[in-house]
Amino acid sequence: MSGEPLLQLRDVWRRFAVRRGLWAERALLTAVAGVDMSLRAGESLGLVGESGCGKSTLGRMVCGLLPPSEGEVLFDGQPLPPAGPRSTAAGRVQMVFQDPFSSLNPRWRVGTSVEEPLRRNKDLGRAERAERVADMFSRVGLAGLERRYPHEFSGGQRQRIAVARALITRPDVVVCDEPVSALDASVQAQVLNLLRDVQEDFGPAYLFISHDLAVVSFMCPRVAVMYLGRLVEEGPRERLLRTPAHPYTQALVAAMPTAGGLSLNTSSVAAELPSPLAPPPGCTFHPRCTRATDVCCSEIPDWRTLDEGWRVRCHHPSV
């Protein structure tokens, strides 16, 4: 795609002060460490990694829900302001959360929840807002159900309502944070197809966050792999699925379900994810890597470009 990126992250860090016990001193937890990323208009970028690697924290910074501790998030060439009704980016950057029930007000009819983002647009009257809401409910397959309450819907239907609310302002960027992980397989497919259809109609850019590489690869031509707060590989979907260069990406690909429903290899990564309160020195993946050498234990690897649009952060990539 040509032109300047719509969204840019430049050396973005996010740290949290936490306590390990009631009387313990505060420690710094690094959730996101030096991330550089870009997203162009109409593009779909997948962000994949294990639970606890910092994906959701990164997504919240992209939406302005969290400020970066260091670095900057640029939207349309300008620093992204904090989220809120007075934000200059309000309506242009939206988010679909993992649990739609907790993100919907149980006391509001779902039509009211979907209409709420339109209220800041003073150019829209009540009748026009109602028309847009009705049209959006029709698009997500819930025509005529605007006056029901969240508890009257199934999980998949509530996620469709969450998608409708995120898209009602015709945003430029939508962050999808594990939007189908709580749904069964058949409903997952319905919601994913809905998101793809909506992108064809309205053209929003997606940052699609998931721990499931199969879901991400279905949605996104470009995929970034995150491990313990850092991006370790980024490239075209076909490259990462066919010839992944980083050992962690290789493990994720090996664990993808096959046609028979079983993963190819679920034991290719040893041990548990290290604590972000005490990340390993050097390459943070080295305690779990079968190819680790002395340099991996002491030096953080730099990005290595393997091909156009394909890069990896590894001392010993498979190329």
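A short reminder: the numbers here are calculations on the coordinates, not readings from a lab. Owing to the predicted nature of the structure, the values given are computational and were not obtained by experimental measurement. Heads up, the Cβs are rebuilt from the backbone with ideal geometry, glycines too, and the neighbour counts pull from every protein chain shown.
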| Long-range HN-HN contacts of Arg148 with modeled amide H, under 5 Å | Val110, Gly111
| note | Rounded to the nearest 0.05, FRET efficiency between Ala143 and Ser38 (Cβ-Cβ, R0 35 Å) equals 0.40
| message | Taking amide H atoms as placed 1.01 Å from N in the peptide plane, list the residues 5 or more away in sequence, or in a different chain, whose amide H sits under 5 Å from that of Met95. | response | Val175
| message | What is the sum of charges, Lys and Arg at +1 and Asp and Glu at -1, for the other residues whose Cβ falls under 14 Å from the Cβ of Ala143? | response | +2
| task | Using the Cα centre as the reference, give the magnitude of the dipole from point charges on the C-beta atoms of region 7-220 (Lys, Arg: +1; Asp, Glu: -1; all else neutral), rounded to the nearest 20 debye. | result | 800 debye
| task | Rounded to the nearest 500, what is the 222 nm mean residue ellipticity of the chain from helices alone, with -39500 (n - 2.57) per DSSP H run of 4+ residues and division by all residues? | result | -8000 deg cm²/dmol
| field | Amide H within-cut-off set for Arg230, under 5 Å, with H built and near neighbours excluded | value | Ala33
| said: Could you tell me how far the Cα centroid of region 22-44 sits from the Cα centroid of region 65-80, in Å? | reply: 12 Å
| For labels at Phe16 and Glu70 in the simple 7 Å Cα→Cβ model, what's the distance in nm? | 2.0 nm
